[in-house]
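Enquirer: Can you keep this structure in mind? I'll have questions shortly.
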Amino acid sequence: MNGSSPYRLKETGYGTHQAVLDLVERGARLLDVGAAGGYLSELAQRRRGARVTAVEPSAAACAECRRRGVDVIEGDVRALLDDGTLAARGPFDQILLADVLEHLPDPDDALGRLIGLLGPFGSVVVSLPNIAYIRARARLLRGRWDYEETGIFDRTHLRFFTRESARRMLTDAGLRVEREIPIGPASYAIGRAGVAITRLRPELLASQIAFLARAS
């Protein structure tokens, strides 16, 4: 959904990419929405045995997906929902929305429509930035809101979430949150052990949160 995304897989520490991959179920029929160049799709196939269908609006990013061996559909996910293209590929066991919903003008509507593509007991994997992260709070206390190329203040973000509002969006869509992985400086620095530190105060210490939520 982000076109030619500037994001790349982070292999050091334990970050959002590692968290969402941990939440992908082995052998799942996976729809990766906003797949960019297909780096997560490729790893989901290779490490989790997922059968991936990717969606990406950028022609250049789609070409990169294909070079990675990812089955990708070029187009805007809303248009592909409207014309039945995605329904024809489903149902899916999981839908991956990694740093996607914050870029949409109406994430609640998109999420609700995507859930309709899930099979029985299907689930979604969602990662979102946390605007209540302590460093973001400190910046706002100083009266600063400067957009950046990536991160919480990414200039392409249209919606902003806290841990509470993210969970509410998922539950309002009829999903049950089963797992939550808070990501922050501690996990990036020392790996999985840092997640336990971030869990102490995820509202403050997590810069990103990954969720596994299942259809009720």
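The values are calculated or read from the model by the stated rules, or taken from the named source; none is laboratory data. Every value quoted in this text rests on a predicted model; they were computed, and no experiment measured them. Ideal geometry is used to build each Cβ from the backbone, glycine not excepted, and the neighbour counts take in all protein chains shown. What goes into the accessible areas is simple: the full protein's heavy atoms, side chains included, and nothing from ligands, DNA or RNA. Shrake-Rupley method; radii C 1.70, N 1.55, O 1.52, S 1.80 Å.
Enquirer: Every residue in the stretch 145-180 that is farther than 17 Å from ILE134 by Cα and among the basic types (Lys, Arg), please.
Expert: ARG155, ARG159, ARG167, ARG168, ARG176, ARG179
Enquirer: Related question: Go through the stretch 171-189 and count every residue that is surrounded by 22 or more Cβ atoms within 10 Å (Cβ to Cβ) and either in contact with a Lys or Arg (Cβ under 8 Å, 6 or more places away or on another chain) or not polar (S, T, N, Q) (or both). Please lay out each step first, then the result.
Expert: If we filter the stretch 171-189 for residues that are surrounded by 22 or more Cβ atoms within 10 Å (Cβ to Cβ), which is where we start, we get 175, 181-184, 187.
Imposing the further condition that a residue be either in contact with a Lys or Arg (Cβ under 8 Å, 6 or more places away or on another chain) or not polar (S, T, N, Q) (or both) reduces the set to 175, 181-184.
Matching residues across the stretch 171-189 total 5.
Enquirer: Could you list, in sequence order, the residues of the stretch 66-123 that are among the acidic types (Asp, Glu), open to solvent by 10 Å² or more (accessible area, probe 1.4 Å) and touching a strand residue (DSSP E or B) at 6+ places or on another chain (Cβ under 8 Å)?
Expert: ASP71, GLU74, ASP93, ASP99
Enquirer: Right, something else. Which condition from (1) without any contact (Cβ under 8 Å) to a residue 40 or more places away in the chain; (2) open to solvent by 10 Å² or more (accessible area, probe 1.4 Å) is the one that GLY37 breaks?
Expert: So the condition that GLY37 fails would be (2).
Enquirer: Quick one: is PHE153 open to solvent by less than 40 Å² (accessible area, probe 1.4 Å), of a type in the set (Phe, Trp, Tyr) and modelled with pLDDT under 95? Show your work before the answer.
Expert: On the way: open to solvent by less than 40 Å² (accessible area, probe 1.4 Å): yes; of a type in the set (Phe, Trp, Tyr): yes; modelled with pLDDT under 95: yes.
Against the criterion (open to solvent by less than 40 Å² (accessible area, probe 1.4 Å), of a type in the set (Phe, Trp, Tyr) and modelled with pLDDT under 95), PHE153 qualifies.
Enquirer: Take the stretch 45-60 and flag every residue that is hydrophobic (A, V, I, L, M, F, W, C) and more than 22 Å from ARG29 (Cβ to Cβ). Spell out the reasoning first.
Expert: Taking the stretch 45-60 and keeping what is hydrophobic (A, V, I, L, M, F, W, C), we get 50, 52, 54-55, 59-60.
The answer is ALA59, ALA60.
Enquirer: Name the residue, out of ARG168, ARG201, ARG192, that is modelled with pLDDT of 90 or more, surrounded by fewer than 15 Cβ atoms within 10 Å (Cβ to Cβ) and either among the hydroxyl-bearing types (Ser, Thr, Tyr) or over 24 Å from GLY13 (Cα atoms) (or both).
Expert: On the way: ARG201 fails: either among the hydroxyl-bearing types (Ser, Thr, Tyr) or over 24 Å from GLY13 (Cα atoms) (or both); ARG192 fails: either among the hydroxyl-bearing types (Ser, Thr, Tyr) or over 24 Å from GLY13 (Cα atoms) (or both).
Checking each option against the conditions leaves just ARG168.
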